[in-house]
1. Arranged from highest to lowest average of other beta-carbon atoms within 10 Å per residue, in what order do the peptides B:75-86, C:252-263 appear?
2. How many partner chain Cβ atoms sit within 10 Å of a residue's Cβ in peptide B:257-268, on average, as a whole number?
3. Do any trypsin sites (Lys or Arg not before Pro) in the stretch B:1-71 lie in a DSSP loop with no more than 10 other beta carbon atoms within 10 Å, and if so, which?
4. Considering only B:Ile202, B:Ile280, B:Ile152, give the residue with the highest GNM mean-square fluctuation for chain B, with springs between Cα atoms whenever their separation is below 10 Å.
5. Hey, what does the equivalent ellipsoid look like for the stretch B:66-111, semi-axes from the Cα gyration tensor as sqrt of 5 times each eigenvalue, largest first, whole Å?
6. Which distances in nm, rounded to one decimal and ordered from shortest, link the label point of C:Arg212 to the equivalent label points in the other identical copies, with labels set 7 Å from Cα toward Cβ?
7. Please order A:Asp128, B:Asp8 by the number of other Cβ within 10 Å, starting at the fewest.
8. What order do you get for A:Ser97, B:Ser50 when you list them from fewest to most C-beta neighbours inside 10 Å?
Number of protein chains: 4
Amino acid sequence: MVWIIEWDTPTYGHIKAVKRVMYQGRSKYQEIWLVETYEFGKLLLLDGKSQSSEHDEFVYHEALVHPAMLLHPRPQRVLILGGGEGATLREVLKHRSVEEVVMVDIDEDVVKVSRELWGELSAGAFEDPRVRLIIGDALDYIFGSPGKFDVIIADLSDPLEAGPAYKLYTLETYRRIAELLDGGVFVTQAASPTNTPQTHAIIYNTARSAFRFAAYYHAFMNSFSGMWGFVIASNELDPRGMRAEEAERRLRERGVATRFYDAAAHLHMFSVPRHLRELIERERRVSTMSSPAYMPA
Amino acid sequence: MVWIIEWDTPTYGHIKAVKRVMYQGRSKYQEIWLVETYEFGKLLLLDGKSQSSEHDEFVYHEALVHPAMLLHPRPQRVLILGGGEGATLREVLKHRSVEEVVMVDIDEDVVKVSRELWGELSAGAFEDPRVRLIIGDALDYIFGSPGKFDVIIADLSDPLEAGPAYKLYTLETYRRIAELLDGGVFVTQAASPTNTPQTHAIIYNTARSAFRFAAYYHAFMNSFSGMWGFVIASNELDPRGMRAEEAERRLRERGVATRFYDAAAHLHMFSVPRHLRELIERERRVSTMSSPAYMPA
Amino acid sequence: MVWIIEWDTPTYGHIKAVKRVMYQGRSKYQEIWLVETYEFGKLLLLDGKSQSSEHDEFVYHEALVHPAMLLHPRPQRVLILGGGEGATLREVLKHRSVEEVVMVDIDEDVVKVSRELWGELSAGAFEDPRVRLIIGDALDYIFGSPGKFDVIIADLSDPLEAGPAYKLYTLETYRRIAELLDGGVFVTQAASPTNTPQTHAIIYNTARSAFRFAAYYHAFMNSFSGMWGFVIASNELDPRGMRAEEAERRLRERGVATRFYDAAAHLHMFSVPRHLRELIERERRVSTMSSPAYMPA
Amino acid sequence: MVWIIEWDTPTYGHIKAVKRVMYQGRSKYQEIWLVETYEFGKLLLLDGKSQSSEHDEFVYHEALVHPAMLLHPRPQRVLILGGGEGATLREVLKHRSVEEVVMVDIDEDVVKVSRELWGELSAGAFEDPRVRLIIGDALDYIFGSPGKFDVIIADLSDPLEAGPAYKLYTLETYRRIAELLDGGVFVTQAASPTNTPQTHAIIYNTARSAFRFAAYYHAFMNSFSGMWGFVIASNELDPRGMRAEEAERRLRERGVATRFYDAAAHLHMFSVPRHLRELIERERRVSTMSSPAYMPA
């Protein structure tokens, strides 16, 4: 039998049987596998790390997208950094108010494999006329002249030392994002608060240093065998100030259909148990271009 | 290197390196291992299933004990079914109002190994004069004449077909527990809502059939690589009616120190995201003595 | 990382990392994987069992083919049962005396995958004008009217209860093979004498019951993590009577180039240490159509 | 379930289930585990590497001891370097001619654990009046004034960079051993010719540089999942000159009972297939004190 083993640390890992290999190849940037598993259905792996599973990708993508989109009273122009699978795009487009989404991903092959071999992930989003897909470096894009955005969503790989993504988690980047937002909302995937709490906390600290308001929140991802963290920030809108019922009301107003996210999910994610709050708040580091913080490999 | 592999299903498992074996033996009822791991510290396994880890046993035991204890305005007499490690007992005794705790566990060896080799688990609880420890069958005990209790806590192994515990998850047992409670509060560990949602849902359905009020709630257990479920029920007190702030207020009043549980943890646990609610509420089965529901092995 | 785990028993297995998946699909008969590994190079698996690795397939195929071919003074007409990869064919064709080889394999896809994606395995053998490839059931073929052969080689999957191959390991089949040979030589792969000694011994016993002479011999296969067994038999030629030097002399005469097989390899394979001889000779069962012996799965 | 995983390389390993842990502790020199497995019975591991299993320790110990003892016409004084389990000692003492055996092992705990918890390994050998056990460094001992020996047997851990054993595999050590032997016979365990052929070949080259005659030979060890290598050497007696029948004759004369070793096993071990001979003979390095060769970890 063929298995995927993912290690959280050298002494703790998770093992999943593979039913079928749908794609395996090396892009310019990373090793891409698309497999079918027994428990999680289709599973996309980049450099051996699970990214999205059929079983619960909706949890991750709804958790990433909706709190930020709903915190903004009327998001029209949205920027997605990364997000190659197209599922973040799919969730953004559900919000009626959206007029334009720019998505910048460096790896054309991830977009292609997802679009062609696992169409439900993007569910037609790439064909939506409101979408502009740019294959390129997100860092170059935001430090260019991209104009203003209401919401910016970072759906990037983890800030590993070996990878190119870590610069997108620094104070300088977050300050530039704040400029592009002009009071709008930023959200980023922020590593696992249970497996790599330091990394999660540093992303939060960095966002807190760049924005007036910042908050972390967590959702359980079965295919990642742990809680997953997100950080949301803004210079005008306090994410802790939005009540769950208000979020759900806006969701309905905008005609957004969800499977995971609702008022209860919102409360669940933003109500972080004591020991995790303490663990996060004990960390004091901020990631900067000159002294970046990497996730332990 | 020596490893523990735990399988959620035949095609999905978790692997942890073992630093040291502190105890290994077979009791009359089960295989007992107490090991030291790298990520989770000490780890107790019964029949190859993780029960408690140094790293996060407090999450499980606080989640199991405090919502039920706090729902009751003044718990004096408490019954624990199972709970051999002594950590459930430790949490119960933190509540100042408690005058007597009866604990009934079938396996003397689990109590002994935990008490002697991992003293922090019970933290002296077995020496507390309020405690009466009975080594015996919990079913016999509750169908005998044990008197009335304010809170009954089921800290039992899962309802496997092979094991003896499944009878303690049936409608008949829950009805008897309701009699013994006389308006008090029952809580039980209730399997994983993410790994074995049917089992979790059946425990909830069974409690709902035996009690006027019942609710499920969930906490993330890193050492179980998933969310863990609990079911709380009562004929007089509605667990969904207790506000998180009120729970935390009572906690402080009673002088209970916690690491995990507080108002935010309470909200987190009782706010169950939509897809999990739907998954649980789709299940209609109830477990009875004549037609018991087993957890898939 | 992606891994292949092969279990010899439920409590003993071998784990190999996969670098690349070259083919994965289900034929009419079995699951076929062709992968690239780190230690063993290309590796073909049928129903999850390693069949041939780039690293040491020559050991298996030379061990299977040459002792039988060399025992016969002048093999002209040869029959291969199974052997879909084409490597057994490749070795047979090295013998100058060979005029015709019939190969009967049930699974066209194995032939195709091997031929197209791993050409070195057959090394052009399928294009040799002396070869007749029949896609079909080997049992039907030999119980038809195939004519006489000098050497018959069974390169089949193991006699598993689930699979179709077990009938080809029975006394009735071996008697029919003896008829078709008319004094020639039969050889069959015969499972691992170290991992499944009973199965190996039963194949030997069955051959011994059908032929006047029979012998077992063993070669170490690194990719199978154990010794591998073969059984050679004939009604006229005693395999134990051929001296290693004579075998090597014939090899040279016929212009056969080898990497593994020579006089030393011959002696190595036919000199079976005492405890293995005793283990094999303790087994008394013979496999028959009415009471077939299966390999433990 | 608890498992032992042993890695031959970072991408190839073997996995065995553990039934019972009989001992686990850290000595001054290494981590010692004694476990019971399903396939291999008792299994002793030092620093995570299998040393001896109930199932096939006799193969290793008979293969190590008897060729050297039988090559010598009348071994009276024998030195064992390492050999803490006592099984090498057990085999040596079977030879009637033996009058004194000195055994020098650095790790008292290995001797103790083996003797007390797995008595069949030494089978009373430590109580034999002919035995002198020295707990100490074998290198110090042989470079002291130990007198002359007829046979010297190195039953040491592998020449890892991290460990202390590698100095015992150098040219200087082998020359000193040749002095102590005065024409007698040296034999050493010599790593796996299939898993670490370079290390095996270097040990052979080093022995060949220190002695007039040297030979390698191999036996299959199921619990090591591969062939195991040995190197035998002497300044007077040519190991390749001893016929298998003569070895077996001497065995009987001396009243030595064996399970693995006999004339066929001797032939099997000393007849090394072509590709392994070529692999070994391609290596040219010799290990010296100033430029030692380590086994890849």
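None of the figures in this text is laboratory data; all of them are computed from the coordinates on show. Since the structure is predicted, the reported quantities are computational estimates derived from the model, not experimental observations. Here the Cβ is made from the backbone with ideal geometry for all residues, glycine too, and neighbour counts use every protein chain on show.
1. On the way: B:75-86: 25.7, C:252-263: 16.3.
Going from most to least packed, we get B:75-86, C:252-263.
2. Mean partner-chain Cβ count within 10 Å for B:257-268: 5.
3. Listed in order of number, the matching sites are B:Lys28.
4. B:Ile280
5. 21, 9, 9
6. Computed spacing set for this position: 5.0, 9.5, 10.3 nm.
7. On the way: A:Asp128 15, B:Asp8 20.
In order of increasing Cβ crowding within 10 Å: A:Asp128, B:Asp8.
8. Details: A:Ser97 15, B:Ser50 21.
Placing the least packed residue first, the sequence is A:Ser97, B:Ser50.
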